[in-house]
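Heads up, the thing below is written out as structure tokens.
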Amino acid sequence: MKASTQLKNPYTPEPMRLIRRYPLTDDVHFFQVRAVNMEKALSLNYLPGQFMMVSLCGIGEAPFSISSPPSRPGLLEFGIRRVGRVTNAIFKLKENSILGVRGPYGNGFPVEEMYGHDLVIVMGGLGAVPLRSLLLYALDNRDQFGKIYLLHGAKRPAEMLFLQEFLHMRNRDDLKCFLTVDQDDTGEWPCDTGVVTRLFQRLGEIDPENTYFAVCGPPVMYKFVVAEILKLNVPKHQILMTLERRMKCGVGKCGHCVIGGYIYTCLEGPVFSYWDVIHMKGLI
Amino acid sequence: MRAVKIKKEHLNNFLESIKPFGELWGPVKKGDGHVLEKIEDFSRLDLTALRTKLPFKKLLLPPRFTMFTFKGRKADATFEDFPNRVIFGLHPCDIYALTIMDNFHNLHYPDPYYHERRKRTAIIGLSCIPDELCFCKSTNTHNVEKGFDLFFSDLEDFFLVWVGSSLGDDMIRACSEFVDENVGHDDLKKYIAWRKYRDAQFKTEMDLTGMPGIMELSYDSPIWEELGEKCLSCGACTIVCPTCTCFNVIDEVELGKLEGKRIRQWDSCLFTEYSMVAGGHNFREARAERLKLRFTHKLQAFVGKFGEPACVGCGRCIGTCPVDIDIRTVVAQLKGEEVSA
């Protein structure tokens with residue numbers, strides 16, 4: 001245990017500049033940041049599904065999924081809901097403010113294993129944030145994937161994250177994009193209404209052995225969505241979901257994100273397969 | 001492993017001669033128990049102490065410490081110069097716990113706060129005779145072969161001193177005039193007799209083999225509800241546990257200023273907010289769920305990860321729990337054994 005070298009401190013944040021922000025919905029805003037140090041900005045590498053710890057010294061620190069794809073290096077994007085102490089403070093920041101950011105942490109999606117497969121992305125509510133990273137990554141590397149589907153559900157049109165971005169995607173011919181809202185209170189909603197599981201009718205024929213599903217949404221969504229996917233006979237290990245837990249460190253030490261006594265969500269998650277869900281208790 | 005002998009009457013000479021190795025810490029009597037304190041006056045050392053109220057972890061990761069200071073948004077994580085320390089009198093259970101701590105804090109992202117203190121901490125172990133709360137024989141942590149620099153086996157008029165590291169060897173050399181290098185067959189006989197005597201003193205025996213499977217099958221057991229009804233969520237068991245490491249992180253700012261510090265402090269998986277995320281969703285709202293997490297972590301999780309349970313049988317949680325939740329009884333209940341309440 002004796003060593004004279006001092007270890008790199010994984011708990012100290014890297015200064016990043018808020019370069020752009022705008023509202024996605026009333027309480028969810030888009031934040032684009034870049035490491036102040038250009039070299040660090042360009043060398044930051046991550047996987048879709050990984051997360052960063054975002055810090056405001058004096059307020060606190062919390063984990064946030066990365067919403068940008070690693071295939072567009074230099075910038076980090078987050079979709080942040082104003083819901084607690086740290087996010088309230090983040091919402092007060094103007095462009096050019098400096099935040100502390102450290103990471104990336106977590107396992108992320110096994111994108112290389114997913115190469116060559118069809119991909120169905122099912123997102124609900126805030127689940128759009130991490131899955132947007134995977135979706136854009138797949139589109140940026142379009143020749144690596146088979147068919148790509150996006151199923152996205154929100155309560156109302158005004159609550160759909162990345163609404164304009166996804167509405168435009170409906171015009172692309174390299175993916176099938178289906179959007180739904182529980183209730184259309186505008187009378188002008190151009191897509192489906194109903195819960196996200198209803199969009200499964202739109203998928204058409206799926207080649208289950210050759211398809212990966214990626215799911216993220218509010219805790220209540222998983223049960224219903226997974227039931228639909230299982231009906232299609234997709235192998236359990238090809239049903240991937242990314243989960244939320246309380247985290248204070250992100251590096252497998254503070255204990256808060258532990259599931260079932262031994263799974264550190266920050267190390268072995270936040271992306272888990274349905275097989276994990278079956279054999280580890282307490283995941284969803 | 002090399003072993004030497006030091007006569008008991010020379011203990012103070014030994015302690016005097018190892019002063020250059022760092023501050024001496026050891027058990028002293030306080031109230032109805034013992035605490036680990038800095039020792040300047042050797043007579044305060046109480047070698048009859050069994051478990052200190054708080055384990056050694058308070059020295060390696062203090063209950064509350066500054067991770068870094070900040071001015072505005074700029075963080076400064078310069079480490080203070082930690083003193084060299086020698087902890088005297090750690091018993092085998094705590095030394096096992098220390099090796100668990102070492103492994104845990106070196107895994108994945110090595111923890112610099114632990115590492116910086118640990119590398120300046122020398123460990124001198126001391127043998128002991130169990131009391132009614134000790135069950136280290138059941139956790140197989142009653143004999144140690146690693147994790148210490150020196151280990152003192154108390155054999156009536158002398159200590160048989162096991163040299164566990166190069167640093168330990170330096171300590172022995174620092175007081176060579178009080179060290180007897182001739183360890184012979186008689187000493188071995190004494191040592192074996194002592195071990196037999198010690199092993200016969202355990203009041204609790206339990207079989208922990210196969211616990212992971214039993215825990216798995218007990219996931220929906222009503223036992224957790226019953227224990228949850230009893231538990232007060234006070235977290236005392238986690239505070240005194242030598243292998244509990246959970247922490248919380250909070251920022252403190254000086255009133256009206258932009259300067260402050262990020263503080264790390266002990267947390268407990270039994271506290272209500274432990275698994276609560278922003279927005280109020282609590283992944284472990286029920287006390288039974290939190291208690292189950294603690295026992296699963298100790299008896300199942302660690303076995304899967306490190307091949308041994310994270311319980312070292314020190315008995316601290318049993319002696320500390322205000323409502324008498326006893327890990328030995330919990331294990332017996334989980335195994336379907338009759339338990340007299």
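Here is how the numbers come out for the structure above:
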{"read-out": "Unmet criterion (only one of (1) closer than 30 Å to B:D207 by Cα; (2) surrounded by 16 or more Cβ atoms within 10 Å (Cβ to Cβ)) for B:I129", "value": "(2)"}
{"read-out": "Complete set of residues in the range B:253-263 that are more than 8 Å from chain A (Cβ to nearest Cβ) and more than 14 Å from B:D76 (Cα to Cα)", "value": "B:E254, B:L255, B:G256, B:K257"}
{"read-out": "The range A:75-92 - residue that is within 14 Å of chain B (Cβ to nearest Cβ) and assigned to a loop (DSSP other than H, G, I, E, B) and, of those, nearest to A:V36 (Cα to Cα)", "value": "A:K92"}
{"read-out": "Leading residue by the ranking (modelled with the highest pLDDT) among those in the range B:236-267 that are in contact with a Phe, Trp or Tyr (Cβ under 7 Å, 6 or more places away or on another chain) and either under 18 Å from A:K281 (Cα atoms) or polar (S, T, N, Q) (or both)", "value": "B:Q265"}
{"read-out": "Of residues in the range B:75-94 being assigned to a strand (DSSP E or B) and within 12 Å of chain A (Cβ to nearest Cβ), the one farthest from B:S153 (Cα to Cα)", "value": "B:A75"}
{"read-out": "Positions within the range A:111-144 being in a loop (DSSP other than H, G, I, E, B) and either in contact with an Asp or Glu (Cβ under 7 Å, 6 or more places away or on another chain) or within 17 Å of A:R72 (Cβ to Cβ) (or both), in sequence order", "value": "A:N141"}
{"read-out": "Any hit, the range B:166-188, residues being among the hydroxyl-bearing types (S, T, Y) and not in a helix (DSSP H, G or I)", "value": "no"}
{"read-out": "Tally of residues being of a type in the set (D, E, K, R) and more than 14 Å from chain B (Cβ to nearest Cβ) across the range A:224-260", "value": "3"}
{"read-out": "Matching residues in the range A:269-284 - criterion: being crowded, with 22+ Cβ neighbours inside 10 Å and β-branched (V, I, T)", "value": "A:V271"}
{"read-out": "Residue within the range B:200-214 that is hydroxyl-bearing (S, T, Y) and under 18 Å from B:K335 (Cα atoms) present", "value": "yes"}
{"read-out": "The range A:25-74 - residue that is more than 26 Å from A:N88 (Cβ to Cβ) and not in a loop (DSSP other than H, G, I, E, B) and, of those, farthest from the other protein chains (Cβ to nearest Cβ)", "value": "A:L42"}
{"read-out": "Lone unmet requirement of (1) within 9 Å of chain B (Cβ to nearest Cβ); (2) surrounded by 23 or more Cβ atoms within 10 Å (Cβ to Cβ) for A:C266", "value": "(1)"}
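Per-residue answers, yes or no, for (1) under 14 Å from the mean Cα position of the chain (by Cα); (2) crowded, with 22+ Cβ neighbours inside 10 Å; (3) assigned by TED's automatic domain parsing to the domain that holds B:N84:
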{"residue": "B:T99", "(1), (2), (3)": "yes, no, yes"}
{"residue": "B:N106", "(1), (2), (3)": "no, no, yes"}
{"residue": "B:G125", "(1), (2), (3)": "yes, yes, yes"}
{"residue": "B:K146", "(1), (2), (3)": "no, no, yes"}
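The values are calculated or read from the model by the stated rules, or taken from the named source; none is laboratory data. Just so we're clear, the structure is a prediction, and the values are computed from it rather than from any experiment. All Cβ positions, glycine included, derive from the backbone under ideal geometry; neighbour counts span all protein chains shown.
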